[in-house]
Amino acid sequence: MNSPMIRISFSARASSPIAAPDSLPTADSRSNAASTIDSRRSRESRNWSFALLSWLETASLPVVELDSPAMVRRVLDSLCVRLDGKPAAASTVQRKRATFYNVLGYAVELELIASNPVDRVQWTAPEVAQSIDRRVVANPTQVATLLEAVKSLGKRADKVTAFFGCLYYAGMRPSEAADLWREDCDLAGRCADCGADFDDLAAVKPSRSCEHEKIEYLWGRLVLAGTSSRAGSHWTDDGGPHERRGLKHRGRAETRMVPIPPRLVELLCAHVENHGVGPDGRFFRGLHGGPLSESVYDRWWKLAREKALTESQAASPLVRRPYDLRHAAASLWLNAGVPPTEVARRLGHGVAVLLRVYANCIDGGDDTMNDKIGDALA
Ligand SMILES: [Zn+2]
């Protein structure tokens, strides 16, 4: 393949082994209806792929044409606009620019162009906002109302009530909560009748003298795997998650212990009682028993917001995304006077990042601060 023919969409070269629609096998040789349908589907899907690849080829530029700063600038500028013409988010632009840069880097490696043309253009991606917009931060009452709304949407929605509870009451990332396991949790409580303390409420059995029916929930804790996201670990086949999980407090290189308030202990106990946990011990599952996906919990969250918030609140950025619950948690803890070092530890990131991100969310409390400084000056 000579360089002038190579196009930026590397997979759509003219010599790719793609059959034209009329050369695809027909369904004539198939005898039953099911296989005819299968065959039609596969033919349609191949026709569609062919159309897509043809479009890609006609809509793509030969790589050599990108060896011009003016053209590269045009491409970079177009990365800043969404399909609907509105400006793209800064983080999206940065991600697309990185991909574009790497594609051209690959073209350099293939010796199609001499150097990466992006390096020759004076163009900077828009800054990604580092701090949280405090309008997204909900207060405890608003969060409680939203969680009630999720629950009221029905049994399927209620399977993620405790998931949202984890984001707020434990400040977890959605990816961490989606990967929460039964054995990560110490769900503590006490029997209000007989006074017995329990480390793990889900394992409580009635005794001879007491049914332990009136449970008072206490602070429990979660033991999470360090700061790195474990999302995706269940896709691996390196011995399976069971084995790894068996080493809870001993074998993991890095764990993060997060105390959880009685309200979250209650939510997690209710989840175990009403929905159970997966056969592998995972709390939250997707539609077909697989990992809980963003699209599933996002959908319930949207419905809950519509139900629980006023029209103007629903139109505002207030907890628009489930991730904003984690922001609300961080903001609550900092404003409650928990030292930033401890807040950062529980959230699983560094203090510098924490203060940069949440500086806007810390209420001034100017009078209190002034009093403190005044006292020190006196
Ligand atoms: Zn009891």
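Of all residues in the range 198-213, those being more than 10 Å from the ligand (Cβ to nearest atom) and touching a strand residue (DSSP E or B) at 6+ places or on another chain (Cβ under 7 Å) number 3.
Filter the range 187-197 down to the residues that are more than 33 Å from the chain's Cα centre (by Cα) and not in a loop (DSSP other than H, G, I, E, B), then identify the one that is farthest from the ligand (Cβ to nearest atom). Explain how you work it out, then say what you get.
Narrowing the range 187-197 to residues more than 33 Å from the chain's Cα centre (by Cα): 190-197.
Retained after the next criterion (residues that are not in a loop (DSSP other than H, G, I, E, B)): 190-191, 197.
Details: Arg190: 9, Cys191: 3, Asp197: 10 Å.
Looking at residues that are more than 33 Å from the chain's Cα centre (by Cα) and not in a loop (DSSP other than H, G, I, E, B), I get Asp197.
The residue list Tyr323, Tyr297, Tyr358 contains one member that is more than 30 Å from Ile215 (Cα to Cα), buried (at least 19 other Cβ atoms within 10 Å of the Cβ) and in contact (Cβ under 8 Å) with a residue 12 or more places away in the chain, which is Tyr358.
Condition check: closer than 24 Å to Ala359 by Cα, surrounded by fewer than 12 Cβ atoms within 10 Å (Cβ to Cβ) and β-branched (Val, Ile, Thr). Does Thr99 satisfy that?
Working: closer than 24 Å to Ala359 by Cα: no; surrounded by fewer than 12 Cβ atoms within 10 Å (Cβ to Cβ): yes; β-branched (Val, Ile, Thr): yes.
No: the conditions fail for Thr99.
Criterion applied to Val272, Val223 was being in contact with a His (Cβ under 7 Å, 6 or more places away or on another chain), modelled with pLDDT of 80 or more and surrounded by 11 or more Cβ atoms within 10 Å (Cβ to Cβ), and the one residue passing it is Val223.
Give Thr145, Thr161, Thr141 a once-over and let me know the one that is of a type in the set (S, T, N, Q), closer than 23 Å to Leu325 by Cα, modelled with pLDDT of 90 or more and loosely packed, with under 13 Cβ neighbours inside 10 Å. So that I can check it myself, show each step before the final result.
Details: Thr145 fails: loosely packed, with under 13 Cβ neighbours inside 10 Å; Thr161 fails: loosely packed, with under 13 Cβ neighbours inside 10 Å.
Answer to the check: Thr141.
When Lys151, Lys205 are checked against the criterion of being outside any helix (DSSP H, G or I), basic (Lys, Arg) and under 20 Å from Ala270 (Cβ atoms), a single residue qualifies: Lys205.
The values are calculated or read from the model by the stated rules, or taken from the named source; none is laboratory data. Bear in mind that the values here come from a model prediction, so they are computed numbers and not experimental data. Here the Cβ is made from the backbone with ideal geometry for all residues, glycine too, and neighbour counts use every protein chain on show.
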